[in-house]
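To keep things clear, I will list the structure first and then write my remarks on it.
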Amino acid sequence: MKVWINGKLYPEKDAKISVFDHGLLYGDGVFEGIRAYNGRVFLLDEHLDRLWDSAKAIALTIPMTREEMVNAVLEACRANRVKDGYIRLVVTRGVGTLGLNPYVCKSPQVVIIAGTIQLYPPELYEQGMSVVTVGTHRNLPEAVNPRIKSLNYLNNVLAKIEAINAGVMECILLNAQGYVAEASGDNVFIVKGRTLITPPTWCGALRGITRDAVMRLAPPLGYDVREDVLTRYDLYTADEVFLTGTAAEIIAVTTVDRRPIGDGRPGPITRRLAQEFAAYARSTGTPIYNRAKGARAS
Ligand code: PXG
């Protein structure tokens with residue numbers, strides 16, 4: 001694998017960042033996880049919009065233009081012959097002193113890793129997954145806002161530890177008021193009748209790119225979609241529950257805190273949305289190859 005760092009491609013073993021980088025010392029930086037399907041980068045503009053917003057929120061200037069970033073992502077994909085893959089885009093604050101002050105860091109570092117992603121095991125997509133709600137609450141929006149996709153994922157890691165210790169692979173975090181926020185690396189939806197409901201971002205959810213895509217795909221299929229405050233009661237009594245994320249795509253949740261959801265199997269609306277999402281993902285995106293032949297980003 002070759003890793004793109006600040007404009008150059010390095011063999012994996014030489015792909016290194018300083019131990020004085022504030023990304024390491026303080027989790028000071030931002031990132032994106034992006035998918036490529038069928039030789040195209042999926043929803044690249046949406047990911048770059050969010051990356052730039054995350055950077056702006058932490059007063060970090062990304063040392064490249066949007067166009068340069070698009071080209072860098074495509075170059076990293078081509079260097080690794082990616083057709084279907086996962087791209088991790090990281091912007092760190094850069095090298096500084098052993099102190100918090102970010103303004104001493106003069107060179108933000110841009111890293112692009114274009115590889116593959118380990119999804120949940122395929123049988124989980126057939127059977128659905130079990131989740132638990134955990135004691136680690138989502139960060140307060142007035143502290144590190146969960147809308148910032150920052151390198152500081154300890155809140156999520158602590159929640160994930162609770163899930164794994166409870167014998168499941170994923171968890172649902174509540175916010176400080178006890179309302180449902182999101183999973184440790186995915187957004188959450190419930191289905192009630194023909195309506196999809198997901199927590200608003202102010203409840204502590206990242207504005208997921210997959211979440212947005214589901215909200216666009218569902219109405220033409222005849223489903224209503226809305227954002228609303230959810231409690232654990234709403235999860236337990238939903239007809240269906242599913243998670244959305246770049247890595248997970250759409251995955252059914254079949255038990256929450258050991259209560260079966262619906263009949264305890266992936267529901268028909270979740271399965272329909274997963275099919276539509278797969279078709280959408282495979283038919284759109286910024287082409288990685290043959291751009292010179294007049295292919296246009298979509
Ligand atoms: N919430 C959080 C906290 C996330 O980190 C999502 C929701 C889904 O957003 P997208 O835009 O991907 O639909 C994410 C995205 C992992 C992993 O290993 C997941 C993400 C980031 C890094 C790693 O599962 N998440």
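The values are calculated or read from the model by the stated rules, or taken from the named source; none is laboratory data. Not measured: the values here are computed from a predicted model. When we count neighbours, we look across all protein chains shown, and the Cβ atoms used for this are built from the backbone with ideal geometry, even at glycine. Surface accessibility is based on the protein's heavy atoms, side chains included, excluding ligands, DNA and RNA. Shrake-Rupley method; radii C 1.70, N 1.55, O 1.52, S 1.80 Å.
Considered as a group, the residues in the stretch 183-203 that are within 9 Å of the ligand (Cβ to nearest atom) and in a loop (DSSP other than H, G, I, E, B) include one that is farthest from R232 (Cα to Cα), and that residue is G185. What number of residues within the stretch 116-161 satisfy the criterion of being without any contact (Cβ under 8 Å) to a residue 60 or more places away in the chain, in a helix (DSSP H, G or I) and either away from the ligand (no atom under 13 Å from the Cβ) or crowded, with 21+ Cβ neighbours inside 10 Å (or both)? Here the count works out to 4. Considering only residues that are open to solvent by less than 70 Å² (accessible area, probe 1.4 Å) and either farther than 25 Å from D212 by Cα or more than 14 Å from the chain's Cα centre (by Cα) (or both), which ones fall in the stretch 43-60? Scanning the stretch 43-60 gives W52, A55, A57, I58, A59, L60.
Scanning the stretch 162-182 for residues that are more than 12 Å from the ligand (Cβ to nearest atom), in contact with an Asp or Glu (Cβ under 6 Å, 6 or more places away or on another chain) and either of a type in the set (V, I, T) or in the same structural domain as D49 (by TED's automatic domain parsing) (or both) turns up nothing. Quick check: is even one residue across the stretch 256-265 more than 16 Å from the ligand (Cβ to nearest atom), buried (at least 21 other Cβ atoms within 10 Å of the Cβ) and closer than 16 Å to I172 by Cβ? Yes. Pairs linking a residue in the stretch 31-49 that is over 19 Å from V111 (Cβ atoms) to a residue that is within 11 Å of the ligand (Cβ to nearest atom) and among the charged types (D, E, K, R), with Cβ atoms under 9 Å and 6 or more positions apart or on different chains, are F42/R35; L43/R35; L43/D212; E46/D212. Strands (runs of 3 or more DSSP E) fully within the stretch 1-42 that include at least 2 residues being buried (at least 19 other Cβ atoms within 10 Å of the Cβ): 2-5, 29-37.
Got at least one residue in the stretch 242-255 being within 16 Å of the ligand (Cβ to nearest atom), touching a residue at least 12 places away in the same chain (Cβ under 8 Å) and polar (S, T, N, Q)? The answer is yes; a qualifying residue exists. The residues in the stretch 163-176 that are open to solvent by 40 Å² or more (accessible area, probe 1.4 Å) and within 20 Å of the chain's Cα centre (by Cα) can be counted, and the count is 2.
Looking for something without any contact (Cβ under 8 Å) to a residue 40 or more places away in the chain, assigned to a loop (DSSP other than H, G, I, E, B) and at positive phi - is there at least one such residue anywhere in the stretch 78-85? Checking the stretch 78-85: at least one residue is without any contact (Cβ under 8 Å) to a residue 40 or more places away in the chain, assigned to a loop (DSSP other than H, G, I, E, B) and at positive phi. Considering each residue of the stretch 94-112 in turn, none proves to be under 21 Å from D212 (Cβ atoms) and charged (D, E, K, R).
Scanning the stretch 213-227 for residues that are surrounded by 14 or more Cβ atoms within 10 Å (Cβ to Cβ) and either of a type in the set (G, A, S) or without any contact (Cβ under 8 Å) to a residue 40 or more places away in the chain (or both) yields a count of 5.
So, P63, is that one farther than 30 Å from D263 by Cα and either of a type in the set (V, I, T) or open to solvent by less than 40 Å² (accessible area, probe 1.4 Å) (or both) or not? Judged against the criteria, P63 is not a match.
When L100 is tested against (1) open to solvent by 60 Å² or more (accessible area, probe 1.4 Å); (2) within 16 Å of the ligand (Cβ to nearest atom); (3) aliphatic (A, V, I, L, M), only condition (2) is not met.
Being of a type in the set (K, R), under 27 Å from P121 (Cα atoms) and in contact with a helix residue (DSSP H, G or I) (Cβ under 6 Å, 6 or more places away or on another chain) is true for just one of R207, R258, R232. Which residue is that?
Only one candidate passes the filter, namely R207.
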